[in-house]
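Student: Structure provided below as structure tokens; questions to follow.
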Amino acid sequence: MHRFSKQLHYIMAEKYNNLFNEFPPVSTQQWMDKVTADLKGADFNRKLVWKTNEGIDVQPFYRAENLETLDYLNSLPGEFPFVRGTKKNNNEWLVRQSIQVKDFAEANKKALTYLMKGVDSLAFVFNECTELTVADLAVLLNGIKLDAVEVNFVCKCRACKIAGLFAEYVKQGNYDLKTIRASVEYDPFGKYALTGKFKKDQAFAVDQAAKMIAETAELTKFRTLAVNGKNFGNAGSSIVQELAYSLALGAEYLTVLTDQGLDVDAVAKKMKFNLSVSANYFLEIAKLRAARMLWAQLVKAYGPKCDCSCKMNIHAETGMWNKTVYDAYVNMLRTQTEAMSASLGGADSITIVPFDAAYEESTEFSDRIARNQQLLLKEESHFSKIADPAAGSYYIEELTASIADQAWKLFLEVQDKGGFLAALREGFIQAEIKKMAGKRDMNIATRRENLLGVNQFPNFTEKIEGAVDASVFAPVDLTAEGAEIETLKPYRGAQAFEALRYKTDVYAKTNKRPLAFMLTIGNLAMRKARAQFACNFFAVAGFDVLDNNGFKTVEEGWEAAQKAGAAIVVICSSDDEYAELAPAAFDAIGGKAIFVVAGAPTCAEDLKAKGIQHFISIKSNLLEELKLYQTLLKI
């Protein structure tokens with residue numbers, strides 16, 4: 001049988017080679033010549049090269065020759081530098097789900113339910129600062145087989161004590177301590193970036209980290225030190241920035257703890273990287289691969305006894321930056337592609353944040369959907385079966401190298417400033433993230449970056465009827481009193497638009513909701529296209545919109561607009577016809593409604609000279625324009 005299998009493999013290989021031998025080779029220059037010809041004089045870089053926020057020029061095609069300089073391709077999955085993953089035979093990851101702990105028995109009941117439905121990693125989230133005991137843990141973990149399930153503790157202010165309590169609790173049970181997979185999210189330096197102040201001081205934080213490592217030394221798979229790179233991503237950073245600053249934060253822990261005399265192997269094996277995953281599908285796959293490679297090289301520089309200490313343990317969590325309150329079901333689509341990126345990139349565990357988490361505590365329905373999204377990838381799509389499923393893709397391999405290169409340069413820049421904490425105290429990290437977040441905000445405001453249902457293609461009929469806490473539309477500010485530095489403030493890119501639309505929803509509870517009326521006239525194709533654009537434009541602010549088939553005269557259109565009770569009248573026609581029709585409509589309306597021209601016609605200056613002030617086009621700053629119309633309507 002074995003001989004037959006080898007013979008069959010040889011025959012198929014020969015057929016494959018013969019098939020492609022029938023086609024002449026095509027060089028990169030030949031491809032470029034063909035593309036250049038098809039562009040008919042248009043600039044190649046402007047038309048076809050995508051310039052990402054990360055500073056990477058993504059080409060329209062890649063070839064095998066792009067991989068010739070990538071040394072890491074000679075490694076196998078599970079081998080240093082682990083770019084191809086830390087697992088040799090599969091791409092398994094843990095399906096993690098979070099539970100808010102308010103009552104220990106209730107949280108335990110929920111945990112057991114999750115475990116029966118496919119989850120194999122639990123995150124117990126404590127938002128209150130109360131004392132815990134081993135007895136409390138016994139209630140919380142009752143019935144949970146710790147040698148078969150990973151448990152993680154996310155604590156507001158009790159991480160240090162939980163590590164020791166958990167170690168004590170486990171030792172009381174009949175467990176092989178080397179099989180227990182668990183973690184505590186203790187990240188004092190990362191928390192300093194959010195609060196601007198240590199709970200006591202830096203030395204105390206380092207002592208606590210060292211104490212936790214010592215207390216849990218026998219639990220070799222218990223991670224007690226977290227690197228919360230997700231906070232950078234959720235504050236609006238680029239993928240390169242999140243990776244570079246995460247590496248800098250991890251390196252800071254390695255440095256301060258080894259300086260205290262701890263063994264680098266002991267420290268590195270206690271660390272877990274919690275990274276966010278964004279909508280940049282291929283870039284996120286490449287980010288995780290680049291992260292493992294860079295971390296492996298970084299730890300190697302500290303002289304570990306074993307390459308196994310160079311493995312990066314990655315927990316991937318779907319990011320909050322691109323999630324929305326309006327049209328929230330779209331969040332399911334966002335998190336699905338993000339989870340795909342995380343799994344194909346080789347994450348060790350994944351949390352899909354429920355689609356409604358941006359505005360409420362998750363429900364049984366949203367928790368079930370989030371859980372099943374991962375199970376679908378595992379059980380139906382079989383993403384967990386093949387080690388390094390992204391391997392060999394010219395595009396992803398090139399992205400991996402590019403992200404690694406850019407992130408390493410930024411990491412070294414942080415190191416030149418004295419490391420992570422020094423760069424924070426200088427304000428460098430905050431300033432760079434704020435600059436990137438500002439760029440992304442502007443892209444959303446001008447619709448260069450789309451958030452479906454928010455700044456593009458809103459659900460015209462969606463309205464928020466109940467009261468919403470103002471914090472939903474504001475950044476998360478954890479700045480402590482007496483903060484020493486400017487802090488990072490995680491936020492969602494949709495918040496400014498959501499606040500704008502919610503303002504209209506609140507206004508409409510006691511007033512007539514503003515109506516934008518499309519006065520469609522003239523050229524059929526142009527009036528339809530511009531009416532569709534204008535309807536989409538004003539619906540973003542929560543205004544009612546009314547499209548029309550077309551009017552024979554502007555007077556007929558204005559009469560219909562008055563009957564409809566229009567607050568805004570948008571003339572939709574062609575550039576050539578605007579020269580005559582726009583002034584006629586403007587005069588007919590006579591200031592009884594806000595008059596808007598859809599488009600940026602060449603005659604715009606002439607129209608402005610006649611008193612017409614308002615124009616909307618694809619070049620408009622959507623956010624600022626809609627704020628202006630709200631002001632004009634006294635909303």
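The values are calculated or read from the model by the stated rules, or taken from the named source; none is laboratory data. Source: prediction; values computed, not measured. Please note: Cβ atoms are built from the backbone with ideal geometry, for glycine as well, and neighbour counts cover all protein chains shown.
Student: Which ones in segment 466-479 are at pLDDT 95 or above, part of a loop (DSSP other than H, G, I, E, B) and either of a type outside the set (G, A, S) or farther than 25 Å from S278 by Cα (or both)?
Tutor: Within segment 466-479, P475, V476, D477, L478, T479 meet the criteria.
Student: For segment 113-131, what are the residues that are in contact (Cβ under 8 Å) with a residue 12 or more places away in the chain and surrounded by 13 or more Cβ atoms within 10 Å (Cβ to Cβ)?
Tutor: Across segment 113-131, the qualifying residues are Y114, L115, K117, G118, V119, D120, S121, L122, A123, F124, V125, F126.
Student: Collect the residues in segment 112-131 that are part of a helix (DSSP H, G or I) and more than 18 Å from V353 (Cβ to Cβ), keeping them in residue-number order.
Tutor: Scanning segment 112-131 gives L112, T113, L115, M116.
Student: Suppose we filter segment 171-191 for residues that are in a helix (DSSP H, G or I) and either buried (at least 23 other Cβ atoms within 10 Å of the Cβ) or among the basic types (K, R) (or both); how many remain?
Tutor: So the count comes out to 5.
Student: Let me confirm something: among G229, G236, which residue is of a type outside the set (A, V, I, L, M) and within 13 Å of M271 (Cα to Cα)?
Tutor: Exactly one residue qualifies, and that residue is G229.
Student: For a quick check of your reading of the model, give me the residue pairs whose first member lies in segment 362-373 and is in the same structural domain as I352 (by TED's automatic domain parsing), whose second is part of a helix (DSSP H, G or I) and among the polar types (S, T, N, Q), with beta-carbon atoms closer than 8 Å and at least 6 apart or on different chains.
Tutor: A370/T335; Q373/T335; Q373/Q336
Student: Quick check on my filter: what residues within segment 306-343 are free of Cβ contacts under 8 Å to residues at least 60 places away in the same chain, buried (at least 24 other Cβ atoms within 10 Å of the Cβ) and either in a helix (DSSP H, G or I) or under 13 Å from the mean Cα position of the chain (by Cα) (or both)?
Tutor: Hits for segment 306-343 are A316, T318, N331, T335.
Student: Given (1) outside any helix (DSSP H, G or I); (2) surrounded by fewer than 18 Cβ atoms within 10 Å (Cβ to Cβ); (3) among the small types (G, A, S); (4) in contact with a helix residue (DSSP H, G or I) (Cβ under 9 Å, 6 or more places away or on another chain), identify the lone condition not met by G78.
Tutor: That leaves (4) as the condition not met.
Student: Looking at segment 604-616, which of its residues are buried (at least 16 other Cβ atoms within 10 Å of the Cβ) and either among the small types (G, A, S) or not in a strand (DSSP E or B) (or both)?
Tutor: Once the filter is applied, which keeps residues that are buried (at least 16 other Cβ atoms within 10 Å of the Cβ) and either among the small types (G, A, S) or not in a strand (DSSP E or B) (or both), segment 604-616 yields A604, L607, I612.
Student: While we're here: Looking at V454 and the list (1) within 24 Å of A251 (Cα to Cα); (2) touching a residue at least 12 places away in the same chain (Cβ under 8 Å); (3) assigned to a loop (DSSP other than H, G, I, E, B), which single condition is not satisfied?
Tutor: It is condition (1) that V454 fails.
Student: If G557 passes every condition in (1) touching a helix residue (DSSP H, G or I) at 6+ places or on another chain (Cβ under 6 Å); (2) buried (at least 20 other Cβ atoms within 10 Å of the Cβ) but one, which one does it miss?
Tutor: (1)
Student: Can I ask one more? Please state which of the following conditions A582 fails to meet, knowing it meets all the rest: (1) closer than 30 Å to V325 by Cβ; (2) touching a helix residue (DSSP H, G or I) at 6+ places or on another chain (Cβ under 6 Å).
Tutor: Unmet for A582, out of (1) closer than 30 Å to V325 by Cβ; (2) touching a helix residue (DSSP H, G or I) at 6+ places or on another chain (Cβ under 6 Å): (1).
Student: Would you be able to say whether some residue in segment 257-265 is among the acidic types (D, E) and touching a Lys or Arg at 6+ places or on another chain (Cβ under 9 Å)?
Tutor: Among the residues of segment 257-265, at least one is among the acidic types (D, E) and touching a Lys or Arg at 6+ places or on another chain (Cβ under 9 Å), which makes the answer yes.
Student: Let me spell it out: the conditions are (1) farther than 23 Å from A445 by Cα; (2) without any contact (Cβ under 8 Å) to a residue 12 or more places away in the chain, and A567 meets all of them except one. Which number is the exception?
Tutor: A567 satisfies every listed condition except (2).
Student: Return the residue satisfying two criteria in turn: it lies in segment 132-161 and is more than 23 Å from L94 (Cα to Cα), out of contact with any helix residue (DSSP H, G or I) (no Cβ under 8 Å at 6 or more places or on another chain) and not in a helix (DSSP H, G or I), and of such residues it is modelled with the lowest pLDDT.
Tutor: The qualifying residue modelled with the lowest pLDDT is R158.
Student: Considering every residue within segment 582-595, establish whether at least one is without any contact (Cβ under 8 Å) to a residue 60 or more places away in the chain, in contact with a His (Cβ under 7 Å, 6 or more places away or on another chain) and either surrounded by 17 or more Cβ atoms within 10 Å (Cβ to Cβ) or aromatic (F, W, Y) (or both).
Tutor: yes
Student: Quickly run through segment 132-154 and pick out the residues that are free of Cβ contacts under 8 Å to residues at least 12 places away in the same chain and farther than 19 Å from S349 by Cβ.
Tutor: First pass over segment 132-154, keeping only residues free of Cβ contacts under 8 Å to residues at least 12 places away in the same chain: 135, 145.
Listed by number, the list holds a single entry, A135.
Student: Taking segment 514-549 on its own, how many of its residues are small (G, A, S) and either buried (at least 23 other Cβ atoms within 10 Å of the Cβ) or touching a Leu at 6+ places or on another chain (Cβ under 7 Å) (or both)?
Tutor: The total comes to 6.
Student: Next up: Go through G190, G164, G196, G173 for me and flag whichever is touching a residue at least 60 places away in the same chain (Cβ under 8 Å) and either of a type outside the set (D, E, K, R) or in contact with a helix residue (DSSP H, G or I) (Cβ under 9 Å, 6 or more places away or on another chain) (or both).
Tutor: G196
Student: Looking at (1) in a helix (DSSP H, G or I); (2) at pLDDT below 85, which is the one condition that is false for E65?
Tutor: (2)
Student: Within segment 381-403, can one find any residue that is small (G, A, S) and assigned to a helix (DSSP H, G or I)?
Tutor: Of all residues in segment 381-403, those small (G, A, S) come to 381, 384, 387, 390-393, 401-402.
Still in the list and also assigned to a helix (DSSP H, G or I): 401-402.
Yes, segment 381-403 has at least one match.
Student: Kindly provide the set of residues from segment 399-430 that are without any contact (Cβ under 8 Å) to a residue 24 or more places away in the chain and over 13 Å from A248 (Cβ atoms), ordered by number.
Tutor: Hit for segment 399-430 is D405, nothing else.
Student: Picking from E605, E559, E580, which residue would you name as being out of contact with any Phe, Trp or Tyr (no Cβ under 6 Å at 6 or more places or on another chain) and under 19 Å from L524 (Cα atoms)?
Tutor: That would be E580, the only listed residue that is out of contact with any Phe, Trp or Tyr (no Cβ under 6 Å at 6 or more places or on another chain) and under 19 Å from L524 (Cα atoms).
Student: Which one is surrounded by the fewest Cβ atoms within 10 Å (Cβ to Cβ), of the residues in segment 400-453 that are among the small types (G, A, S) and in contact with a helix residue (DSSP H, G or I) (Cβ under 6 Å, 6 or more places away or on another chain)?
Tutor: Among those that are among the small types (G, A, S) and in contact with a helix residue (DSSP H, G or I) (Cβ under 6 Å, 6 or more places away or on another chain), it is G419.
Student: Look at A235 and say whether it is small (G, A, S) and more than 20 Å from the chain's Cα centre (by Cα).
Tutor: no
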